[in-house]
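Note sheet for the following structure.
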Amino acid sequence: MKSLVSGLLLALCSSLSFSVSAKDTVKIAYIGPLTGGVSANGIGGRNSADLAVRLKNQDPNAKYKYELVSADDECKPNVGVQVATKIASDSSIIAGVTHYCSAVAMSTVDVYHKFGLPVMVWGAVLPEITYGNDYKEIHRVNGTMINQNEVAAKFLTGLGYKKWVIIHDTTDYGKGHNKYFTQFLTKNGGQILGTFGVTADQQDFTAELTKVKELKPEVVYFGGLTPIGIRIRTQMDRLGIKAVFEGTSGIKSDAYIEGLGKLSEGSLSFIEGAPWEKLPGGLEFIAKYSQQKYPDAPEAYGPFAYTAANLIMAAIEKAGPNRKKVMDVLNNTQNVETIIGTVSFDDHRQNIVPLISKYVAQDGKWVLWEDSLYAKKQRKLGQ
């Protein structure tokens, strides 16, 4: 009799346990470049979004269990459209954490609008992604290249540099950087000796760099991504071009330093937000990221992907797994505290990120300018 009662009690407890712990599964998407030249950034972003999902699924107070559906856009607009269409047409996916590459993000906004899929861009910086349309589905948690280039131009002219050559890729991303940097550099008194557009798959820059050498710039500004940046910087060295190499957020990756080795020394990069170690929840983020033993680093935009995933899941918790309702919640995001700081969207669902961090490659790693030996030397010169 005792064993029968014990068995019944065990069965009842098991049943109760199942009813309490069982949750509906909600799918959210992650899209980024998981292969190709900038895959380090895409993988870091995916891991960071995955971390957010894992931690949410450990929360006993969460209403739902979450599943991350990852897709590779290869940093190619045509592939991005195909992937976005597949994701957006899947009604089981409620929202998406989308895109590192600006050209891809620009090519997919119409797709998300057509299917009514709310997405949050986590890395692409071209302003037109949010400001070039009024699609309520499109949100962005990171800042834009406008802020980056304004700070970059003011900072370097403030250091006393006067003569630039601009090299940019001919995608919307590269052309956008050229536009805004030119605007702000001219405003701050810098002189542009020449501007050169190069294709994203170009391997040999001898013709352009030979002309650059003749112009004798103090700084070479590069508007493009890591793979081309590595090739240009390498070929600059072969031709004996001694100018400072100034890149955008597009080269702020461990892959840039690994690809160049000692040649990366002194390269500059500007990126929105604070360094992860100085973010409000940066140390906790890195600690939890490390606990998961991901084989790859989160990279510069990992905290933004993590934040985007958390904002999306918070909206689902509040509104339920309904695209329209989730979109409405996201559209009204104001003064939300996250690991990247306070997130507030303007009328184009663009997060207002006032801080731009300045980085320099020093001794095989990216170092915040203010903490670098370069800054220390500059301070001594200014005394």
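The values are calculated or read from the model by the stated rules, or taken from the named source; none is laboratory data. Because the structure is a prediction, the values reported are computed rather than measured. Using ideal geometry, Cβ is built from the backbone for each residue, glycine included, and neighbour counts are taken over all protein chains shown. Ligands, DNA and RNA are stripped out before the accessible areas are found, and what is left, the full protein with its side chains, is counted by its heavy atoms. Shrake-Rupley method; radii C 1.70, N 1.55, O 1.52, S 1.80 Å.
Counting only residues that are small (Gly, Ala, Ser) and open to solvent by 50 Å² or more (accessible area, probe 1.4 Å), the stretch 281-302 holds 1 of them. Checking every residue in the stretch 314-330 against the condition of being among the aliphatic types (A, V, I, L, M), open to solvent by 10 Å² or more (accessible area, probe 1.4 Å) and under 24 Å from TYR256 (Cβ atoms) gives zero matches. Condition check for ALA305 on (1) closer than 26 Å to ASN47 by Cβ; (2) open to solvent by 30 Å² or more (accessible area, probe 1.4 Å): one failure, at (2). Can you name the residue in the stretch 356-382 that is in contact with a strand residue (DSSP E or B) (Cβ under 7 Å, 6 or more places away or on another chain) and not in a strand (DSSP E or B) and, of all such residues, is least open to solvent (accessible area, probe 1.4 Å)? Checking each candidate, the answer is SER372. Hey, any hits in the stretch 230-239 for a residue that's open to solvent by less than 40 Å² (accessible area, probe 1.4 Å), closer than 19 Å to GLY32 by Cα and among the basic types (Lys, Arg)? Within the stretch 230-239, not a single residue is open to solvent by less than 40 Å² (accessible area, probe 1.4 Å), closer than 19 Å to GLY32 by Cα and among the basic types (Lys, Arg). Yes or no: GLU128 closer than 27 Å to ILE286 by Cα, open to solvent by 10 Å² or more (accessible area, probe 1.4 Å) and not aromatic (Phe, Trp, Tyr)? So GLU128 does not fit the description; no.
Applying the selection to the stretch 63-121, what residues are more than 21 Å from GLY302 (Cβ to Cβ), under 20 Å from the mean Cα position of the chain (by Cα) and either aromatic (Phe, Trp, Tyr) or part of a strand (DSSP E or B) (or both)? Across the stretch 63-121, the qualifying residue is only TYR112.
A Cβ distance below 7 Å, combined with a sequence gap of six or more or placement on separate chains, defines the contacts here; from the stretch 308-327, residues that are modelled with pLDDT of 95 or more and among the polar types (S, T, N, Q) reach residues that are surrounded by fewer than 24 Cβ atoms within 10 Å (Cβ to Cβ) and not in a loop (DSSP other than H, G, I, E, B) in the pairs ASN310/THR338. Looking only at the stretch 133-152, decide whether some residue is open to solvent by 10 Å² or more (accessible area, probe 1.4 Å), farther than 30 Å from GLN378 by Cα and hydroxyl-bearing (Ser, Thr, Tyr). Yes, some residue in the stretch 133-152 is open to solvent by 10 Å² or more (accessible area, probe 1.4 Å), farther than 30 Å from GLN378 by Cα and hydroxyl-bearing (Ser, Thr, Tyr). For the condition surrounded by fewer than 17 Cβ atoms within 10 Å (Cβ to Cβ), out of contact with any Ser or Thr (no Cβ under 8 Å at 6 or more places or on another chain), modelled with pLDDT of 95 or more and in a loop (DSSP other than H, G, I, E, B), ASP347 qualifies.
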